[in-house]
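*Asks:* Take this structure, written in structure tokens, and hold onto it; I'll ask about it next.
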Amino acid sequence: MVEILTVTTHKQGLVEFTALLEDLVSQAKIDSGICNLHIQHTSASLVIQENADPSAKADLENWINRLVPEGDRLYTHVYEGLDVRVI
């Protein structure tokens, strides 16, 4: 079974899509197996973390923004321009 799950974003940041993925797997009516995810974008990443407390997401976003600041002169991949950062 191959399905495409599209997650549309309008800004830089972490996007919760667990419910969308759960619905897709549920509709497949499969009792057990492996779910492989492939992200078709050069600057996207997949992060798996707990989300019981919203501050965990905020802490991770703040840490990533400090680790990899937007617009750093050392970056060579600038074809798509700066991401829109909304805090």
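*Asks:* Any idea what log10 I(q)/I(0) is at q = 0.10, 0.25 Å⁻¹ for the chain, Debye with uniform C-alpha scatterers and no solvent?
*Replies:* Each listed q maps to, in turn, -0.35, -1.46.
*Asks:* Pop a pseudo-label 7 angstrom from the Cα along the beta-carbon direction at both Leu67 and Glu50 and give the gap in nm to one decimal.
*Replies:* Going by the 7 Å Cα→Cβ label model, 1.9 nm.
*Asks:* Kindly provide the GluC sites (Glu not before Pro) of the stretch 15-76 that DSSP labels as loop, not H, G, I, E or B, and whose Cβ sees at most 13 other Cβ atoms within 10 Å.
*Replies:* Of the GluC sites (Glu not before Pro), the ones in loops of the stretch 15-76 whose Cβ has at most 13 other Cβ atoms within 10 Å are Glu16, Glu50, Glu70.
*Asks:* How large is the helix-only mean residue ellipticity at 222 nm for the chain, computed as the sum of -39500 (n - 2.57) over DSSP H runs with n ≥ 4, divided by its residue count, in deg cm²/dmol to the nearest 500?
*Replies:* Calculated at 222 nm, the ellipticity per residue is -9000 deg cm²/dmol.
*Asks:* Rounded to the nearest 10 degrees, what's the angle between the helix 18-28 long axis and the longest principal axis of the chain, both from Cα atoms, 0 to 90?
*Replies:* 30
*Asks:* Same structure, new question: Residue farthest toward the positive end of the dipole of the chain, with Cβ of Lys/Arg at +1 and Asp/Glu at -1: which of Leu67, Val25, His38?
*Replies:* Result: Leu67, furthest along the dipole toward the positive end.
*Asks:* Could you state the angle between the C-alpha long axis of helix 54-67 and the longest principal axis of the C-alpha atoms of the chain, as a value from 0 to 90 degrees rounded to the nearest 10?
*Replies:* Taking the Cα atoms of the chain, the angle to 54-67 is about 40 degrees.
*Asks:* Hey, got a sec? Which chymotrypsin sites (Phe, Trp or Tyr not before Pro) in the chain land in a DSSP loop and have at most 16 other Cβ atoms within 10 Å? Display every interim value, and only then the final one.
*Replies:* Numbers: sites: Phe17, Trp63, Tyr75, Tyr79; in loops: Phe17, Tyr75, Tyr79.
Hits after loop and neighbour filter: Phe17, Tyr75, Tyr79.
*Asks:* Quick one: compute the contact order of the chain, relative version, from alpha carbon pairs under 8 angstrom and 6+ residues apart, as a percent.
*Replies:* The normalised contact order for the chain reaches 47 percent.
*Asks:* Loop only per DSSP, at most 10 neighbouring Cβ atoms within 10 Å: give me the trypsin sites (Lys or Arg not before Pro) in the chain, ordered by residue number.
*Replies:* Lys11, Lys29, Arg73
A short reminder: the numbers here are calculations on the coordinates, not readings from a lab. Because the structure is a prediction, the values reported are computed rather than measured. Here the Cβ is made from the backbone with ideal geometry for all residues, glycine too, and neighbour counts use every protein chain on show.
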